[in-house]
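Asks: Please find one structure pasted underneath; my questions will follow.
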């Protein structure tokens, strides 16, 4: 198991990474151009349906992985309810603070936007084998394999960085007898020394990796032999294209012709 | 630098024991003449006139001091030096008929396979399959051939069932075997292994050593760089000793060790096999041995020894130093679900050196983290320097216990050596005058006073290790935990560090827990040992008793083996069974009265 990825045979698992990336982009574009909370809620609902039904991802996993985003979403909802400049219709009172209906609906739009982006990313990561993704980016999109490997190497090193960071933090805690940082200046100094230690160690590791790769002929030719078959189910391509068509239609009908865009005033529930 | 009187040892065209029956000498794979190399912006060459020839099917072991150019020489064999690392180069190198300076790296990649020390850093892929195929894919080898070679290479290293595994799920030894498989798949004419067992636990190291022996038996041309050669000297055809960027000694290990073992150990500060150390002393005291051993298994028959000196009597006052650590049925569970420790009981007394042993994942690091207060025990009772570890946190325990990390860089916090040593005292609120005094004394003691203003990351390996210990001792802890103190250190650095710590121990009653896989260090330095297995303590007692128990099989830990000094003692006093004394090579040799003929 690597990071979020869980092997499986669901529709999303079978879908090729390029089509899935297109779906991810379509979802992102949809909620970014829409400032209508109902549209964003619908997109969020569709994303959840896709992930749970077509991706076989468990709701518990989504809740766990999105926990910080749930908090951010609620915080945004409350914040926009009380600070939204165009708010005129009182909705609730918290002591001297008044939340407005306009602010609340705008907050809802932003919250659903954040949740749609977050959940679609989780579903993408949970159903996409990183190896297959790199191979498909190289083979289908003709991405230079050196660039694809940079991403692959980053994935390879992330766990090492996490482990090393924990060790470095422990070492500092021990040396300071638990009083690691007192005050802002102390914290900055700690951050700097932590970063230096991590950077030095990572540079050392990356140097070894680079030498190990070069000594096995990495970068010798413009292409490499592929040892994986590229499988692109038509249903996956159609699914991604359908989402793209939907987004395009929405942009044309509601944003270009209807005047609703990311900077437009929010559409309230009653309008 | 040929030593007079030993032409066979220093002859640049070495004897070839595995091929001596052949009418025609095997082809030359590596030919180096007058190789000099300067790293960028460094005035002194790290390689200063290397001459070396390696023939097909030979296995060379290369030793030299830390930072002495061993790894640089290996990187020169495929052109990484200077093509990737820059710098200036002189002299001639030919490997498998190609000049690495004239040919592209990928051309050399098909000729020279490199395996590095750190298994985590050298793997470029996430999955075993991709890693083994990596080089072949780069060289545009056809897919059916890749699949064939991948299967064969993994079968050779004993990992046929690991094809679809991700590298994160592999042990250190398995990762190293994958690295070797990825090189083997490319079918190079020369395989270079740069300290391949240095970062591995005993099981991993044993697996890799077996693999090296298998490669050697299959006639592969091998060059191994190592610090500790206890297990390798018997495998190698030649031992090459680097000193000041030159080949100081080169020849069959038996002859090099016999003729120059003392110089290698004492002048160059390098490790030699314990059996060879013993043999050197015996030959100096009693007379030449019929066979000069490279390992205990090669000791000649007919050695006679007087009864060993009885251990010094312990006076009543010395019998019971205070207990600093008392663990009774200690348990700890990570994240509430993963049992790291289930039942650990042990004690550590003031002034003693105790080895904490076990396979990776046996719970050694977890126990250490409980002792310093980074974690609190989940069950049982743990008292550290009089504090209950369940209630006392890091603020209390870290005042009494210091921990020296395996990689010194992890614990450096300041930008100068002096400031780094002062850090712990400043955090305690020690007065500036006292800080200056104690830091100055510590720097002098650890021979770092001249480096006071240098950045810790710019020190040599040995200096970094000394600084890491000085950092932790300046606060005058009662217990010091050393994590793999000999890893990557040559003999000179290790002996100097042990000397300093022993002196402190005698003066202050400092207790030391050594977490290590180095059984020679355990035999030479540690009075007692604690063995953990799967979160349980399965042995606690005198080191000699542990070796006896391992020998007899009553302590069954696959992670541990007895050092050669113990095996030699068993040969000298067979009538004593597992109750032989634990002596260093010199002590053992002083008991020998006749060498037999």
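The values are calculated or read from the model by the stated rules, or taken from the named source; none is laboratory data. Just so it is clear, the structure is predicted and the values come from calculations on it, not from any experiment. Positions of Cβ are generated from backbone atoms using ideal geometry, with glycine treated the same way; all protein chains shown enter the neighbour counts.
Asks: For residue B:435, work out the one condition from (1) farther than 25 Å from residue A:164 by Cα; (2) at the interface with chain A (Cβ under 9 Å from one of its Cβ atoms) it doesn't fulfil.
Replies: (2)
Residues are listed down the side, and each one gets a yes or a no for (1) in a helix (DSSP H, G or I); (2) at pLDDT 90 or above:
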site	(1), (2)
B:496	yes, no
B:523	yes, yes
B:556	no, no
B:566	yes, yes
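Asks: Could you go through segment A:152-166 and let me know if any residue there is closer than 25 Å to residue A:233 by Cα and touching a helix residue (DSSP H, G or I) at 6+ places or on another chain (Cβ under 7 Å).
Replies: Within segment A:152-166 (the criterion being closer than 25 Å to residue A:233 by Cα and touching a helix residue (DSSP H, G or I) at 6+ places or on another chain (Cβ under 7 Å)), the answer is yes, since at least one residue qualifies.
Asks: Which one of B:355, B:398, B:350 is touching a residue at least 24 places away in the same chain (Cβ under 8 Å) and within 23 Å of the chain's Cα centre (by Cα)?
Replies: B:355
Asks: Taking only segment A:19-39 into account, find how many residues are farther than 24 Å from residue A:230 by Cα and under 17 Å from the mean Cα position of the chain (by Cα).
Replies: Step one: filter segment A:19-39 for residues farther than 24 Å from residue A:230 by Cα, giving A:27-39.
Remaining after also requiring under 17 Å from the mean Cα position of the chain (by Cα): A:27-32.
Matching residues across segment A:19-39 total 6.
Asks: Shifting gears a bit: Which of the numbered conditions does residue A:177 fail, given that it passes all the others? Conditions: (1) more than 10 Å from chain B (Cβ to nearest Cβ); (2) under 30 Å from residue B:426 (Cβ atoms); (3) outside any helix (DSSP H, G or I).
Replies: So the condition that residue A:177 fails would be (1).
Asks: Please name all residue pairs, on different chains or six or more residues apart, with Cβ atoms under 6 Å, provided the first residue is in segment A:222-234 and is at the interface with another protein chain (Cβ under 10 Å from one of its Cβ atoms) and loosely packed, with under 14 Cβ neighbours inside 10 Å and the second residue is in a loop (DSSP other than H, G, I, E, B) and at pLDDT below 90.
Replies: Hits for this filter: zero, empty list.
Asks: Something else now. Hey, among A:164, A:207, which residue is at the interface with another protein chain (Cβ under 10 Å from one of its Cβ atoms), exposed (fewer than 15 other Cβ atoms within 10 Å of the Cβ), within 31 Å of the chain's Cα centre (by Cα) and assigned to a helix (DSSP H, G or I)?
Replies: Going through A:164, A:207 in turn, just one is at the interface with another protein chain (Cβ under 10 Å from one of its Cβ atoms), exposed (fewer than 15 other Cβ atoms within 10 Å of the Cβ), within 31 Å of the chain's Cα centre (by Cα) and assigned to a helix (DSSP H, G or I): A:207.
Asks: Across segment B:378-400, which residue is farthest from the other protein chains (Cβ to nearest Cβ) among those that are touching a strand residue (DSSP E or B) at 6+ places or on another chain (Cβ under 6 Å), surrounded by 21 or more Cβ atoms within 10 Å (Cβ to Cβ) and at negative phi?
Replies: B:382
Yes or no, residue by residue, for (1) free of Cβ contacts under 8 Å to residues at least 60 places away in the same chain; (2) surrounded by fewer than 20 Cβ atoms within 10 Å (Cβ to Cβ); (3) over 26 Å from the mean Cα position of the chain (by Cα):
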{"site": "B:551", "(1), (2), (3)": "yes, yes, no"}
{"site": "B:554", "(1), (2), (3)": "yes, yes, yes"}
{"site": "B:560", "(1), (2), (3)": "no, no, no"}
{"site": "B:570", "(1), (2), (3)": "yes, yes, no"}
{"site": "B:575", "(1), (2), (3)": "yes, yes, yes"}
{"site": "B:582", "(1), (2), (3)": "yes, no, no"}
{"site": "B:586", "(1), (2), (3)": "no, yes, no"}
{"site": "B:589", "(1), (2), (3)": "no, no, no"}
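Asks: Right, here's the next one. Hey, can you tell me all the residues within segment B:502-519 that are assigned to a helix (DSSP H, G or I) and crowded, with 20+ Cβ neighbours inside 10 Å?
Replies: Filtering segment B:502-519 down to residues assigned to a helix (DSSP H, G or I) leaves B:502-508, B:519.
The answer is B:519, and nothing else.
Asks: Considering each of B:188, B:196 in turn, give the residue that is in contact with a strand residue (DSSP E or B) (Cβ under 9 Å, 6 or more places away or on another chain), away from chain A (no Cβ under 12 Å), within 17 Å of residue B:75 (Cβ to Cβ) and assigned to a loop (DSSP other than H, G, I, E, B).
Replies: Values: B:188 fails: away from chain A (no Cβ under 12 Å).
Unique residue meeting the criteria: B:196.
Asks: So if I check each of B:137, B:122, B:92, B:117, which one is at the interface with chain A (Cβ under 7 Å from one of its Cβ atoms) and touching a strand residue (DSSP E or B) at 6+ places or on another chain (Cβ under 9 Å)? Can you show your working first?
Replies: Numbers: B:137 fails: touching a strand residue (DSSP E or B) at 6+ places or on another chain (Cβ under 9 Å); B:92 fails: at the interface with chain A (Cβ under 7 Å from one of its Cβ atoms); B:117 fails: at the interface with chain A (Cβ under 7 Å from one of its Cβ atoms).
Going through B:137, B:122, B:92, B:117 in turn, just one is at the interface with chain A (Cβ under 7 Å from one of its Cβ atoms) and touching a strand residue (DSSP E or B) at 6+ places or on another chain (Cβ under 9 Å): B:122.
Asks: Within the group B:115, B:95, B:89, B:157, which residue is under 29 Å from the mean Cα position of the chain (by Cα), over 16 Å from residue B:189 (Cβ atoms) and modelled with pLDDT of 90 or more?
Replies: Details: B:115 fails: over 16 Å from residue B:189 (Cβ atoms); B:95 fails: over 16 Å from residue B:189 (Cβ atoms); B:89 fails: under 29 Å from the mean Cα position of the chain (by Cα).
Testing whether each residue is under 29 Å from the mean Cα position of the chain (by Cα), over 16 Å from residue B:189 (Cβ atoms) and modelled with pLDDT of 90 or more leaves just B:157.
Asks: Kindly indicate whether residue B:105 is surrounded by 15 or more Cβ atoms within 10 Å (Cβ to Cβ), more than 26 Å from residue B:218 (Cβ to Cβ), within 31 Å of the chain's Cα centre (by Cα) and within 7 Å of another protein chain (Cβ to nearest Cβ).
Replies: In short, yes.
Asks: Go through (1) facing chain B (nearest Cβ under 10 Å); (2) in a loop (DSSP other than H, G, I, E, B); (3) under 20 Å from residue A:137 (Cβ atoms) one by one and return the number of the condition residue A:213 breaks.
Replies: (2)
Asks: Anything in segment A:233-271 that is part of a loop (DSSP other than H, G, I, E, B), under 27 Å from residue A:18 (Cα atoms) and either at pLDDT below 75 or within 22 Å of the chain's Cα centre (by Cα) (or both)? List them, or say none.
Replies: Matches in segment A:233-271: A:262 only.
Asks: I've got another one for you. Given the criteria at pLDDT below 90, touching a strand residue (DSSP E or B) at 6+ places or on another chain (Cβ under 9 Å) and either farther than 21 Å from residue B:502 by Cα or in a loop (DSSP other than H, G, I, E, B) (or both), does residue B:537 qualify?
Replies: Judged against the criteria, residue B:537 is not a match.
Asks: Something else: How many residues, within segment B:50-71, are at pLDDT 95 or above and farther than 22 Å from residue B:233 by Cβ?
Replies: Summing the residues that are at pLDDT 95 or above and farther than 22 Å from residue B:233 by Cβ in segment B:50-71 gives 1.
Asks: For residues that are within 14 Å of another protein chain (Cβ to nearest Cβ) and either under 24 Å from residue B:503 (Cβ atoms) or in a helix (DSSP H, G or I) (or both), scanning just segment B:350-371, find the one that is modelled with the lowest pLDDT.
Replies: Once the filter is applied, the top-ranked residue is B:365.
Residue-by-condition table, conditions (1) more than 29 Å from residue B:273 (Cβ to Cβ); (2) touching a helix residue (DSSP H, G or I) at 6+ places or on another chain (Cβ under 8 Å):
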{"residue": "B:29", "(1), (2)": "no, no"}
{"residue": "B:35", "(1), (2)": "no, yes"}
{"residue": "B:47", "(1), (2)": "no, yes"}
{"residue": "B:51", "(1), (2)": "no, no"}
{"residue": "B:57", "(1), (2)": "no, yes"}
{"residue": "B:90", "(1), (2)": "yes, no"}
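Asks: Turning to a different aspect of this structure: Among helices (runs of 4 or more DSSP H) lying entirely in segment A:9-88, which contain 1 or more residues that are surrounded by 15 or more Cβ atoms within 10 Å (Cβ to Cβ) and in contact (Cβ under 8 Å) with a residue 60 or more places away in the chain? Spell out the reasoning first.
Replies: On the way: elements: A:11-14, A:17-33, A:37-49, A:59-65, A:67-83.
Where helices (runs of 4 or more DSSP H) fall fully within segment A:9-88 and carry at least 1 residues being surrounded by 15 or more Cβ atoms within 10 Å (Cβ to Cβ) and in contact (Cβ under 8 Å) with a residue 60 or more places away in the chain, they are A:11-14, A:17-33, A:37-49, A:59-65.
Asks: Tell me which residues, restricted to segment B:455-487, are more than 12 Å from chain A (Cβ to nearest Cβ), farther than 29 Å from residue B:226 by Cα and without any contact (Cβ under 8 Å) to a residue 60 or more places away in the chain.
Replies: B:476
Asks: Another question about this same structure. Tell me, please, whether a residue that is in contact with a strand residue (DSSP E or B) (Cβ under 9 Å, 6 or more places away or on another chain) and either within 19 Å of residue B:508 (Cα to Cα) or surrounded by 22 or more Cβ atoms within 10 Å (Cβ to Cβ) (or both) can be found in segment B:437-445.
Replies: Within segment B:437-445, not a single residue is in contact with a strand residue (DSSP E or B) (Cβ under 9 Å, 6 or more places away or on another chain) and either within 19 Å of residue B:508 (Cα to Cα) or surrounded by 22 or more Cβ atoms within 10 Å (Cβ to Cβ) (or both).
Asks: Taking the condition surrounded by 20 or more Cβ atoms within 10 Å (Cβ to Cβ), modelled with pLDDT of 95 or more and either closer than 17 Å to residue B:215 by Cβ or within 12 Å of chain A (Cβ to nearest Cβ) (or both), does residue B:110 pass?
Replies: For residue B:110, the condition - surrounded by 20 or more Cβ atoms within 10 Å (Cβ to Cβ), modelled with pLDDT of 95 or more and either closer than 17 Å to residue B:215 by Cβ or within 12 Å of chain A (Cβ to nearest Cβ) (or both) - is not met.
Asks: May I pose another question? What do you reckon, is residue B:149 within 12 Å of chain A (Cβ to nearest Cβ), surrounded by fewer than 24 Cβ atoms within 10 Å (Cβ to Cβ), in a helix (DSSP H, G or I) and over 27 Å from the mean Cα position of the chain (by Cα)?
Replies: Working: within 12 Å of chain A (Cβ to nearest Cβ): yes; surrounded by fewer than 24 Cβ atoms within 10 Å (Cβ to Cβ): yes; in a helix (DSSP H, G or I): yes; over 27 Å from the mean Cα position of the chain (by Cα): yes.
Criteria met by residue B:149.
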